[in-house]
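Heads up: the structure comes next, in structure tokens.
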Amino acid sequence: MTGRVETAPVSGPVRTAKHRILVIENDPAAGKKLEIDLNAWGYETILVPGIEKLPDVMQQKIPPALFIVDCPSCPAECNDACRTIRAADFAFSPYVIILTTQTGPEKTLYGPGPYADDYLKKPYSREELHARIKVAIRVLGLQSALSTHIYDLHQAENRIKKLHGLLSICTHCKKILDDRGRWNELERYISKYSDAEFSHVICPDCLKKFYPDVTNELE
């Protein structure tokens, strides 16, 4: 049985454009007004005129993390929009805010399934919408920080490599046989599979054996 090395799987931290907001709005005038407000608050806005255009936009290398869906009175269309967003192959959980005229029970919008994180009934005030967006950005920031922290932990675990099992070592030359059937110098093997570093010195026995003159002088 040869020595083995355990390493932790590593995946990169989640990258999102957390200050980029994608707006789904069927009404061009309402979409333009919302875009002006978002730009004035310092957010980059991507305006999508309908759910059917959504898949193309979400193929960006760094997708937006915040979605605002201006839905009609029909809750099913809101659910369809959220379902499309949640079904995308994101490495993170996007934050979805719904703008709606729905006045019935909230359960028509929410329940088991991929629905929104927050909603705002129309007509809404600019101040309240801005406040909801700030909360969303804060949540996304915490999510990103957590993702980075987990990545860093995996990286640290990967650097702490552990040797375990029986090591086959040559009786004469002290080379070590690895899992691939190759013989490695002892120093190279340990350096490769651990964080140990070597500093070369001469022990007293070797000093007597190889440098007897020096030994006599020291005595």
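Tabulated data for the structure shown
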read-out: Count of the stretch 155-174 residues which are at pLDDT 80 or above and either assigned to a helix (DSSP H, G or I) or not hydrophobic (A, V, I, L, M, F, W, C) (or both); value: 4
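So that you can scan it fast, the table gives a plain yes or no per residue for (1) over 20 Å from residue 31 (Cα atoms); (2) modelled with pLDDT of 85 or more; (3) outside the structural domain of residue 55 (by TED's automatic domain parsing); (4) surrounded by 11 or more Cβ atoms within 10 Å (Cβ to Cβ):
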residue	(1), (2), (3), (4)
80	no, no, no, yes
83	yes, no, no, yes
93	yes, no, no, yes
99	no, yes, no, yes
102	no, no, no, yes
109	yes, no, no, yes
130	no, yes, no, yes
135	yes, yes, no, yes
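The values are calculated or read from the model by the stated rules, or taken from the named source; none is laboratory data. Bear in mind that the values here come from a model prediction, so they are computed numbers and not experimental data. Cβ sites come from the backbone with ideal geometry, for glycine too, and all protein chains shown count toward neighbours.
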